[in-house]
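The values are calculated or read from the model by the stated rules, or taken from the named source; none is laboratory data. Please read all numbers here as calculations on a predicted model, not as lab measurements. We place every Cβ from the backbone using ideal geometry, glycine too, and count neighbours over all the protein chains shown. Heavy atoms of the whole protein, side chains included, go into the accessibility calculation; ligands, DNA and RNA do not. Shrake-Rupley method; radii C 1.70, N 1.55, O 1.52, S 1.80 Å.
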2 protein chains.
Amino acid sequence: MRGSLTIAEIREQPAALSRLLEAERRPLLRLARSLRRRPPPVVFLAARGTSDNAALYGHYLFETLLGIPAGLASPSVVTIYRTVPRLRGALVLGLSQSGRSSDIVRYVEAARSSGARTVAITNDPRSPLAAAAHDTLLLHSGVERSVAATKTYTAQLAVLSLLVASMAEDRRLLDAHDRLPRWVERALDADDAVRPLSLRLSGVRRCLVTSRGYNFATAREAALKLKETAQVAAEALSSADLLHGPIAVVGRRFPVIMIAPPGRTRGHLRRVARRLAAQSARLVLVAPGRGFEGLAHTVIPVPAGIPEILTPHVAIVPLQLLAYHLALARGFDPDRPRGLRKVTRSF
Amino acid sequence: MRGSLTIAEIREQPAALSRLLEAERRPLLRLARSLRRRPPPVVFLAARGTSDNAALYGHYLFETLLGIPAGLASPSVVTIYRTVPRLRGALVLGLSQSGRSSDIVRYVEAARSSGARTVAITNDPRSPLAAAAHDTLLLHSGVERSVAATKTYTAQLAVLSLLVASMAEDRRLLDAHDRLPRWVERALDADDAVRPLSLRLSGVRRCLVTSRGYNFATAREAALKLKETAQVAAEALSSADLLHGPIAVVGRRFPVIMIAPPGRTRGHLRRVARRLAAQSARLVLVAPGRGFEGLAHTVIPVPAGIPEILTPHVAIVPLQLLAYHLALARGFDPDRPRGLRKVTRSF
């Protein structure tokens, strides 16, 4: 059946997260302890596609929870321009579900050779990425068979938040992870709201997805799922950058998806929502709806009571469902995106 | 007349670059000398919108020419999450044409308070950004009156390439800057090719823009101009990321603009162009056409013989013209993008 792999893996996420929390906590604590002994002055994260969206989340985590400056690596510096930045002492995380993204493997090898402490975050302990890095953190997602990554994305987010919470010795945040499977389970209930929405949006060919801070990663990952699965030209923009030009594209009934869970970004996002409403955008809000009355055309509810830092793990779920249903509504097979294979070679 | 400010400023670029080369070389050399004495271990660049695209170019420059790891800053870490990353010893560049982007000013202030060496790159010596940073490099662009930035973008690129070339003591690259005004002058000749293209593309509502390495910045800036000026939902993707999912959106006659000047990225980009051709994309190539025979529908020529590092300063020019003509063809005023003002408040 069309999309049966994709929907099975979306629904498997609570179980996959439980497995991860069970199996990887010890290696994570061990690594965090060792990193606490010699805190890195700077962190770089190297990834592509979905993994790069998880990396973006990690970048915010390291800066906000630990005060360690973090950046996203550009592997082409190594693979195309054949230079190796001086990374002695830095922490370099390479993220790849398959562990076979060749430019990520090469970047991690180069970083290690220049003196960085390297960590692979991957679903495959026998992958080249795991072999390249000093340490490996595993996703425990089981084989991901659909081309569009879903369960490995939420697993990557969880590995990152567990690692950083452990490094910060933030016991409350660590404990909150135990409730993640249940929150994701409840987020899957959004299916009832998302299915009719996908029918109403089935004519949509382009849209913007926006958020800020931790959930900018959610916006990027949602836009990627919408592109690869539903063939919608969806672009993600931080709500701050949206105001610096791109908002000009938003005309009457132009669809904008905004991820606005409770937390520090909410006041800002409400002001951006007002600007979008003033330009008559068709706003789909992923959030508890309160505070946005009269601004959103549709509200996709997400469970309340989640610490802001863990909202990306949950808020992406209804958007995975939206991309899936939208693909079906438009006559595409979510399991087989046009022109893609599971492991991407970057040439 | 519609768009008269924008087109005047696009055409002013050779003169604006000449002014910059004349007036700012000494302060640049002085700052570079001081930075060479104590090379920063890491660089962070903070910017929004067009300036952030220049910052992306700067990020590649620091890594490839100097081997100094570089990252793009997320100002929301400071302005929303109220944390200050530990940036002691780091070089932090804040880029803003007006010098009034409030979150960039606050990020630079925070970086300075945490011990970073800070540099403002701005068009206004009396701006809050210039006041916040240890040093200021000026664009000498004259007042930019159109909302969409053009001449200040190429000036920002030139300040960055001059600074990094000076730090690297790369005399050949430094000297090559003297020919920039002439190359940009010749790039303006693309107007003849761009005008008819804009008529053919006037029905386009969405497209992708792609490149890699130094010219990924060009792709991002072109996509921004197309969105703000011509209201086309144009998304920029690095050609490596394009293969990790988004290429699924490319169907028959889907417009893709590729910037492929001579240089190290060209072999890779040719392979990506073949993939796009296999999916029947409508490929617009900004490049000397050779090597892409039978792959591109349209070739927008750029002058030959430019060192790869300086191609972004030139390759953006025909794309500024394209956004301008496309806006006129679609009945919009390029001088007054919908919903925008010259100085953006991020709230």
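Some notes on this structure:
- Condition check for B:Leu87: in contact (Cβ under 8 Å) with a residue 24 or more places away in the chain and within 22 Å of B:Glu169 (Cα to Cα): no
- B:Ala110 being touching a Gly at 6+ places or on another chain (Cβ under 9 Å) and small (Gly, Ala, Ser): no
- Taken over segment A:241-267, the residue count meeting the criterion of being farther than 25 Å from B:Ala223 by Cα and either surrounded by fewer than 24 Cβ atoms within 10 Å (Cβ to Cβ) or facing chain B (nearest Cβ under 9 Å) (or both) is 6.
- Those residues of segment B:319-332 which are away from chain A (no Cβ under 11 Å) and open to solvent by 10 Å² or more (accessible area, probe 1.4 Å), in sequence order: B:Tyr324, B:His325, B:Leu328, B:Ala329, B:Arg330, B:Gly331
- Number of positions in segment A:296-305 that are in a loop (DSSP other than H, G, I, E, B), over 17 Å from the mean Cα position of the chain (by Cα) and surrounded by 20 or more Cβ atoms within 10 Å (Cβ to Cβ): 2
- Every residue from segment B:112-131 that is part of a strand (DSSP E or B), of a type outside the set (Val, Ile, Thr) and under 19 Å from the mean Cα position of the chain (by Cα): B:Ala120
- Scope segment A:185-212; condition more than 19 Å from A:Pro334 (Cβ to Cβ), open to solvent by less than 30 Å² (accessible area, probe 1.4 Å) and in contact with a Pro (Cβ under 8 Å, 6 or more places away or on another chain); matching residues: A:Leu208
- Residue within segment A:37-45 that is touching a helix residue (DSSP H, G or I) at 6+ places or on another chain (Cβ under 6 Å), touching a residue at least 40 places away in the same chain (Cβ under 8 Å) and within 13 Å of chain B (Cβ to nearest Cβ) present: yes
- Residue match in segment B:161-180 (condition: of a type in the set (Ser, Thr, Tyr) and assigned to a loop (DSSP other than H, G, I, E, B)): no
- Residue match in segment A:337-345 (condition: free of Cβ contacts under 8 Å to residues at least 24 places away in the same chain, more than 14 Å from chain B (Cβ to nearest Cβ) and either surrounded by fewer than 24 Cβ atoms within 10 Å (Cβ to Cβ) or farther than 21 Å from B:Ala248 by Cβ (or both)): no
- Residue match in segment A:22-33 (condition: at the interface with chain B (Cβ under 9 Å from one of its Cβ atoms) and open to solvent by 10 Å² or more (accessible area, probe 1.4 Å)): no
- The requirement of being surrounded by fewer than 23 Cβ atoms within 10 Å (Cβ to Cβ), small (Gly, Ala, Ser) and either on the phi < 0 side of the Ramachandran plot or under 23 Å from the mean Cα position of the chain (by Cα) (or both) is satisfied by A:Ala277.
- Some residue of segment A:273-288 being in contact with a Cys (Cβ under 8 Å, 6 or more places away or on another chain) and modelled with pLDDT of 95 or more: no
- Extreme residue, most open to solvent (accessible area, probe 1.4 Å), among residues of segment B:213-240 that are out of contact with any strand residue (DSSP E or B) (no Cβ under 9 Å at 6 or more places or on another chain) and within 7 Å of another protein chain (Cβ to nearest Cβ): B:Gln231
- Taking first residues from segment B:56-69 that are facing chain A (nearest Cβ under 8 Å) and closer than 21 Å to B:Leu237 by Cβ and partners that are among the basic types (Lys, Arg) and assigned to a helix (DSSP H, G or I), no Cβ contact under 8 Å between residues at least 6 apart in sequence or on separate chains turns up.
- Selection status of B:Arg100, part of a helix (DSSP H, G or I) and basic (Lys, Arg): no
- Qualifying residue in segment A:132-144 (condition: in a loop (DSSP other than H, G, I, E, B), open to solvent by 10 Å² or more (accessible area, probe 1.4 Å), hydroxyl-bearing (Ser, Thr, Tyr) and under 21 Å from A:Phe62 (Cβ atoms)): no
- Index of the failed condition, B:Arg270 passing every other in (1) more than 8 Å from chain A (Cβ to nearest Cβ); (2) surrounded by 24 or more Cβ atoms within 10 Å (Cβ to Cβ): (2)
- Here B:Ser102 meets each of (1) of a type in the set (S, T, N, Q); (2) within 9 Å of chain A (Cβ to nearest Cβ); (3) surrounded by fewer than 24 Cβ atoms within 10 Å (Cβ to Cβ); (4) in contact (Cβ under 8 Å) with a residue 12 or more places away in the chain with one exception, condition (2).
- All positions within segment A:73-83 that are at the interface with chain B (Cβ under 7 Å from one of its Cβ atoms) and either over 16 Å from B:Tyr214 (Cα atoms) or small (Gly, Ala, Ser) (or both): A:Ser74, A:Ser76
- Residue match in segment B:190-203 (condition: in a loop (DSSP other than H, G, I, E, B) and facing chain A (nearest Cβ under 9 Å)): no
- Any hit, segment A:148-160, residues being open to solvent by less than 10 Å² (accessible area, probe 1.4 Å) and at pLDDT below 95: yes
- Every residue from segment A:42-58 that is among the β-branched types (Val, Ile, Thr), open to solvent by 10 Å² or more (accessible area, probe 1.4 Å) and more than 14 Å from A:Ala222 (Cβ to Cβ): A:Val42
- Test: A:Pro288 is out of contact with any helix residue (DSSP H, G or I) (no Cβ under 8 Å at 6 or more places or on another chain), more than 14 Å from chain B (Cβ to nearest Cβ), open to solvent by 20 Å² or more (accessible area, probe 1.4 Å) and in contact (Cβ under 8 Å) with a residue 12 or more places away in the chain: yes
- Flag if B:Ser198 is among the polar types (S, T, N, Q) and over 19 Å from B:Ala55 (Cα atoms): yes
- Meets criteria (assigned to a helix (DSSP H, G or I) and within 12 Å of chain B (Cβ to nearest Cβ)) for A:Ile316: no
- Scanning segment B:217-275 for residues that are assigned to a helix (DSSP H, G or I), more than 29 Å from A:Gln97 (Cα to Cα) and not hydrophobic (A, V, I, L, M, F, W, C) gives B:Thr218, B:Glu221, B:Lys225, B:Lys227, B:Glu228, B:Thr229.
- Filter result (more than 14 Å from A:Ala70 (Cβ to Cβ) and open to solvent by less than 20 Å² (accessible area, probe 1.4 Å)) within segment B:81-91: B:Leu91
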